[in-house]
2 protein chains.
Amino acid sequence: MRLREALSRRAEWASTLSIMAAVGALACQPGGAPGAPSVGGGLAQLMQERELTESDVMAALKTYTPTGKLDEYYLFASGGHSGQVLVIGLPSMRLLKVIGVFTPEPWQGYGYGGDSGALFDAGEKHGRKMRWGDTHHPALSETGGDYDGEYLFINDKNSARIAVIDLRDFETTQIVTSSLIENDHGGTFVTPNTEYVIEGPQYPAPLGGGYADIADYAEKYRGAVILWRFNRETGKIEPDKSFAIELPPYMQDLSDAGKLASDGWIFLNSFNTERATGGTAEGKPPLESGASQNDMDYMHIINWRRAEEMVAEGKTKQIGGLPVIPLDAAAGDCLWFVGEPKSPHGLDVTPDGKELVVAGKLDTHATVYSFEKIKGLIDAKKFVGNDDYGVPILPFEESIRGQAELGLGPLHTQYDGAGNAYTSLFIESKVVKWSVKDLKVLEKIPVHYNVGHIVAAEGDTVSPDGRFLVSLNKWAIDRFMKVGPLLPQNFQLIDIGDGSETMQLLYDMPIGIGEPHYAQIVKADKLNPKEVFEPIGYNPRTRAKDPNAATSGEERIERRPDGVHVWMTAVRSRFTPDLIRVKEGDTVHLHVTNVEQAKDATHGFGIGSHNVNLSLEPGEHENVTFVADDPGVYPFYCTEFCSALHLEMAGYLLVEPNE
Amino acid sequence: MRLREALSRRAEWASTLSIMAAVGALACQPGGAPGAPSVGGGLAQLMQERELTESDVMAALKTYTPTGKLDEYYLFASGGHSGQVLVIGLPSMRLLKVIGVFTPEPWQGYGYGGDSGALFDAGEKHGRKMRWGDTHHPALSETGGDYDGEYLFINDKNSARIAVIDLRDFETTQIVTSSLIENDHGGTFVTPNTEYVIEGPQYPAPLGGGYADIADYAEKYRGAVILWRFNRETGKIEPDKSFAIELPPYMQDLSDAGKLASDGWIFLNSFNTERATGGTAEGKPPLESGASQNDMDYMHIINWRRAEEMVAEGKTKQIGGLPVIPLDAAAGDCLWFVGEPKSPHGLDVTPDGKELVVAGKLDTHATVYSFEKIKGLIDAKKFVGNDDYGVPILPFEESIRGQAELGLGPLHTQYDGAGNAYTSLFIESKVVKWSVKDLKVLEKIPVHYNVGHIVAAEGDTVSPDGRFLVSLNKWAIDRFMKVGPLLPQNFQLIDIGDGSETMQLLYDMPIGIGEPHYAQIVKADKLNPKEVFEPIGYNPRTRAKDPNAATSGEERIERRPDGVHVWMTAVRSRFTPDLIRVKEGDTVHLHVTNVEQAKDATHGFGIGSHNVNLSLEPGEHENVTFVADDPGVYPFYCTEFCSALHLEMAGYLLVEPNE
């Protein structure tokens, strides 16, 4: 692949003339035109003025995507405590969209008076109307272990919730939660045909809510992993077909589903098998040291097909609205442990499903487990003992194929299609490429700085693409212009080619709108998003034409027992009706339909001094209900610049006082 | 400037070899190295594989900014109905940060339990806790008519509010509002030394709130322009030193402040001098046609220094908490009109302050007004009559120098340093470059699509830079990968050089996180943002060390009459204390200090199932108060990935039930 030969040459500016000479040589080949020095002078001068090296030029040309040309991959990243999902195009590293998920976002009209309110209501926790989330691990839906481009799932670590995003329209369509667990982390991830969307816990608490003193941590605090059943036809998680498995009060962490050879199984890391509970102000060590005493924590090995059977057999108790397989029943029937060194974090099943790579934050190795060995040990009931909760523990040495010495602070591993693994090294601020087969380091590339997750193109599937890897760096420090004490994160795009050449850093992308934890990269042609909503009057929350859709020429205002109903249309550049007269105290029900079908002909609908703003994409319908409790004159208007006479797309809500 | 000669060559791929030949020729100059065909082959193959033209290569190299190299300009864009401000680096067109302004944003810990709550409270309108805004026109603070890099102001069109952002830390520090007007648009803009931050209205309503029927529109609805006094020392708007001027119920629109020759004056466009009020469901024409009947609307010419005197003379009445100069007093004393064709939108004072360019949405011209002529007519009291509200109208033909025929749908005008103007043409989807002196079109460049505002580097100052212009396009349609029916906007970066060469489109930047209306571009070296907060315990909302700052070793929990107070520190990787025990119903006061001073060592603080999340940058302090009304066990944790043992930075809020 000659294209890559250029890249392995890391010439600095001092040698930049070599690129020009080389290009010049090419020009002497058949078809080459005679010189036009001003153009070449422009290029050379530009390189000099902007201090671009030969390597920079190649990186620029590998990422620059001219107007009207499309990117090749979608990257879906969690937004961390922004609560949202980021959609980024590769290789240009341009942010295409931020999808509202757990946090209201008015530009999208998400959580500002329309039908999305029901999503937030469904996500209430302990009766609290939660208005943020901490999104961590996006998971694309899979068919046969490959991304199918249909759905995206994402968890909220803070309040233990899961959201469903429909990739036909990039809209959040469901938020589910239970009172079983207070916090999640290891998830979302999906089984190979998206039978289940899996939510693993993090910080233990009494299951189902309720109070227990921290002194009773070992006895009364628990984790639980929830297998949320997903119905691909309806696009919905079905809580009544979902179940959970009780887990010990360790801190379960990153997780992955088996595939191919290991289909039917899931694997969860854990840390703090010490069951430390902090107490920094009470003379105890902080959790960071209390939880780092043991040389080994436990990988949780779960046979989810067996767990399904146990649920069918009624071996559950109902907690927090879900059937839960109790820990004592699960232990040795669908749940086993094996040791993991040390303070494990990342757990990533290889593309063929035969092996699992675990990296320990305080270890320098990646440990490669053999699923065949694990399965053999389970079948042979060959255990070294049980943990305090009766879970059988497999012998560590007999479960692994070997270890690779990678460096300081290894976290997460991704794969290419050539048998290589790529692991982030937090403490070294590097990505290390290594051979899974040989357990040998091949190359390291510095990243800037403090890398958490990394993600490769189709890197979580049975058939990774290689080509691109993105390093999700937590710190940026000196990479970008100063923007105050709160710095952006830094996504670095790395060319990993077909796995046979040297890695090249291509692009630094600041993320100043959240703190992504993980991401997945999917080929663009696997998605086929809608460009307008059809039929006119479509409600993206209910996935159907709304019964209150308004029609041009039949707009009207009716006073009914439950309040004043307004059926309104929006079209460039007017609302009909544009004058809404109500009395103080009236409940107002607006039914607003954008009756356009032209791509990009979106209208907004905002009401002055009200927390109401809709984004009505072509064909979309939304319903809004509010109480007109304050007499006055409130302009409403189209908040999206839709036409030359966009400012004239306005009207008044007139709230007449009661005398 | 040889660099640009290359750019004027719009060679397509068919002629791409010319660039190579040219570069080859260069290599034969002294210092040129002999060929290295593999490198050149790489470049050529890359251009072919990615279908990059010669022009694309130059554009890529003019924008690509390698890792660790910094951009040259900040672009501050409104986020539209996202309610926020976007910070973008030029020429790389990377989004560096989104600043929370009118909408809560949890990644920044903005509006999620900390001291920023007071900002939102100050922005209450009609007693409603507004949680979004529609930001339109950012304005950088100025000294002598030049950006000084100290502050940024931004308006909320939806609820008529103004926010102040301190560019020392990129934090919103103040939101002001009054009940005088319901909606704003023409603003913010500032006087040349930032004496005032000016907020012009848009949709008329009864001043000071309250109800009046739409039938009384001409008599009882009004606009008003507010001059908010700004104190540069404190960084605050001073409402008690601010005032307003009552305006007729036209729809006042974009505005600008005079400078140099016209310092002391402000100018506001208006449309809908027809005073149409819609009524689409009542058999009346929609506003878009009702407001487009007149051939001329009125530019509002205001002598703000005279208005200041009138306030001092007590020629005001108090409305909505502000002294307001009544329309009948203002007319002919500090307020005059002059006609503007047709449905005017953009109004932009030339860098020397001598002229004003107005573009009419339904006109094909830009009209160039002479301030000297306007001032002469006012001084000579040469009027053609008064409007219905008694405001004297200057003769149009005697107020202008001339008109330039630009094209369809001209909106906004920017300037370079070479005497050229650039005007957006909405209907044509083009930017037109024209000579202000000659009133002649020089060139048009297509943009994609439906451009609203455009912005040039330092383009609103007395000394524009040229070099870069950004076209804020409303529609993107086919420019980016599909992301569902809600499309991003498209910011297109255009190289305008020193004004002497052809414009070149350099970069398409999708904006999938809001709908920016306007932006300003400032040289990077004018800003000097902090990288950490000092001293430790600094509260960015009060701009001082917080009296409740916590100190390492002196953390504590105290029960007081007003509740349980917790003085907590955050440091990698622990909170002290990490166990908070309270009783059901307790009011909890958290005082949390990040005691670190390392750049980028930010900690988050999120509480499970609570709408509490802080972003504690190095040295920052925040206070949170909430009622622990639901017994249970709530994990709290650092929501920002701060260290290898970040997951261990956690604790519990234990709410013991009352028995």
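Observations on the structure shown:
- For the range B:101-179, the direction-averaged projected area of the alpha-carbon convex hull comes to 5.5 nm².
- Cβ-Cβ FRET estimate between residue B:587 and residue A:659, R0 fixed at 56 Å, reported to 0.05: 0.85
- Calculated FRET value between residue B:396 and residue B:128, using beta carbons and R₀ = 51 Å, to 0.05: 0.75
- Translational diffusion of chain B, estimated by Stokes-Einstein from the Kirkwood radius over alpha carbon pairs at 4 °C in a medium of 1.567 mPa s, is 48 µm² per second.
- Leading residue at positive end of dipole, the protein assembly as shown (Cβ point charges), from B:200, B:618, B:366: B:366
- Computed over the range B:425-490, Kirkwood Rh from alpha-carbon pairs, angstrom: 13.4 Å
- Taking a ≥ b ≥ c as the square roots of the eigenvalues of the alpha carbon gyration tensor, the range A:538-656 is oblate, as a/c is not under 1.5 and a/b does not beat b/c.
- Alpha carbon Rg of the range A:288-433, scaled by the compact-globule rule 2.2 N^0.38 Å: 1.15
- Principal axis dimensions, the protein assembly as shown - Cα atoms, whole angstrom, descending: 104, 87, 61
- Near residue B:585, the amide H atoms lying under 5 Å from its own belong to B:628, B:629, B:630; only residues 5 or more places off or on other chains count, and H is placed 1.01 Å from N.
- Signed unit charges on C-beta, dipole axis of the protein assembly as shown, positive-most listed residue B:639, A:120, A:415: A:415
- Antiparallel DSSP beta bridges within the range B:538-656, as percent of all bridges there, nearest 5: 70 percent
- With neighbours defined as other Cβ atoms within 10 Å of a residue's Cβ, the residues A:356, A:442 order from fewest to most as A:442, A:356.
- Gain upon complete extension [residue B:463, residue B:629; 0.36 nm per residue less C-alpha separation]: 53.9 nm
- Positive-end residue, the protein assembly as shown charge dipole about Cα centroid, Cβ charges, pick of A:654, B:174, A:151: A:151
- Put simply, the range A:462-567 fits an ellipsoid with semi-axes of 47, 23, 11 Å; these come from the alpha carbon gyration tensor as the roots of five times its eigenvalues, largest first.
- Volume of the Cα convex hull of the range B:53-123, divided per residue and given in Å³: 121 Å³
- Whether the range B:393-438 is rounded, prolate or oblate, judged on the alpha carbon gyration tensor where a/c under 1.5 counts as rounded: oblate
- Relative contact order, whole percent, for the range A:241-315 stands at 28, derived from Cα pairs under 8 Å and 6 or more residues apart.
- If the chain linking residue A:309 and residue A:193 were pulled fully straight, counting 0.36 nm for each residue of separation and taking away their Cα-Cα distance, it would gain 39.9 nm.
- Modelled FRET efficiency - R0 60 Å, residue A:384 with residue B:69, Cβ distances, 0.05 increments: 0.65
- Three-way shape call for the range A:352-459 based on the alpha-carbon gyration tensor, with the a/c threshold at 1.5: prolate
- Electrostatic dipole magnitude of chain B [Cβ: Lys, Arg +1; Asp, Glu -1; Cα centre; debye, to 20]: 820 debye
- Residues within the reach of a label modelled at residue A:435 (point 7 angstrom out along Cα to beta-carbon, backbone nitrogen below 19 Å), restricted to the range A:444-460, are A:444-445.
- Whole-angstrom gap from the range B:377-439 to the range B:260-319, using each part's C-alpha centre: 17 Å
- Computed magnitude of the charge dipole of the range A:538-656 (debye, nearest 20; Cβ of K, R +1, Cβ of D, E -1): 260 debye
- DSSP bridge analysis restricted to the protein assembly as shown gives an antiparallel fraction near 90%, rounded to the nearest 5.
- Taking the square roots of five times each eigenvalue of the Cα gyration tensor of the range A:608-659, the equivalent ellipsoid has semi-axes of 24, 15, 8 Å, listed largest first.
- With K and R counted +1 and D and E -1, the other residues having a Cβ less than 14 Å from that of residue A:133 yield a net charge of -3.
- Only lysines eight or more places from residue A:545 in sequence, or on another chain, were considered; those with a Cα closer than 21 Å are A:236, A:530, A:599.
- In the protein assembly as shown, helices alone account for a calculated mean residue ellipticity at 222 nm of -3000 deg cm²/dmol, with every DSSP H run of four or more residues adding -39,500 (n - 2.57).
- HN-Hα J in Hz across the range B:142-148 - Karplus 6.51, -1.76, 1.60, θ = phi - 60°, x for Gly and Pro: 10, 10, x, x, 10, 4, 10
- For the protein assembly as shown, a crude dipole built from +1 on the beta carbon of Lys and Arg and -1 on the beta carbon of Asp and Glu, taken about the Cα centre, is about 1600 debye to the nearest 20.
- Taking a point 7 Å from the Cα of residue A:318 along the Cα-to-Cβ direction, the residues of the range A:217-250 with backbone N closer than 16 Å to it are A:239-244.
Each reported figure results from applying straightforward, stated rules to the coordinates on display, with no laboratory input. Just so we're clear, the structure is a prediction, and the values are computed from it rather than from any experiment. Note that each Cβ is placed from the backbone with ideal geometry, even for glycine, and that neighbours are counted across all protein chains shown.
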